[in-house]
1. Out of curiosity, is residue 112 over 24 Å from residue 175 (Cα atoms), in a helix (DSSP H, G or I) and in contact (Cβ under 8 Å) with a residue 24 or more places away in the chain?
2. Looking at 62, 14, 18, 39, which is the one that is assigned by TED's automatic domain parsing to the domain that holds residue 114, farther than 19 Å from residue 103 by Cα and assigned to a helix (DSSP H, G or I)?
3. For segment 202-221: of the residues being in contact with a helix residue (DSSP H, G or I) (Cβ under 9 Å, 6 or more places away or on another chain) and closer than 19 Å to residue 149 by Cα, which is surrounded by the fewest Cβ atoms within 10 Å (Cβ to Cβ)?
4. Does segment 189-196 contain at least one residue that is in a loop (DSSP other than H, G, I, E, B), under 18 Å from the mean Cα position of the chain (by Cα) and at pLDDT below 90?
């Protein structure tokens, strides 16, 4: 699944430029052109990162960044602030407001893409690993084996792919639609509720012998690997 980047920018020409270059680099792109639209899109589908203009109609980029950091399901979401405000005090405000990086306009697109890839790597340190671990759960991608507290966990191919997506971003809430894209493919005609069936199978396999549930259900949002469980 290509990483989804939410571009929040009210200048149409710049938004178009960013979309073109990001898609050329293999990213999927969603756009919002004011603060309210950005918050609506975030509530409907959590992206992998946000490119966020500071000066926006309705709700400022700085306020959106603060709301992202106050919302549990978004608090680890990488945010790069885009702004014409280049003074040191402004940079400090942006970083203290929760931004992971700060890019001053006008900027080079190549540098911006490099910074975006860097924050995504920091957010997903396990993405290139052969072993994924969380609590007492270990997934060996090379041998296609899963163990919990040293005991083998037997999973079907779909449950294995589903667990892999969740383990690559522990704590992040994935919507049913995001899981469908990642596990079955964007062109799949499978109903979103199918995800619930496979989550139940995955839970049953992981929680044998009364083990603690590591999959958290977030009402109206989706699922996450999280030690708080259901």
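1. yes
2. None of the others qualify; the one that does is 39.
3. The selected residue is 213.
4. There is no residue in segment 189-196 that is in a loop (DSSP other than H, G, I, E, B), under 18 Å from the mean Cα position of the chain (by Cα) and at pLDDT below 90.
The values are calculated or read from the model by the stated rules, or taken from the named source; none is laboratory data. Bear in mind the structure is a predicted one, so any value in this text is a computation, not a measurement. All Cβ positions, glycine included, derive from the backbone under ideal geometry; neighbour counts span all protein chains shown.
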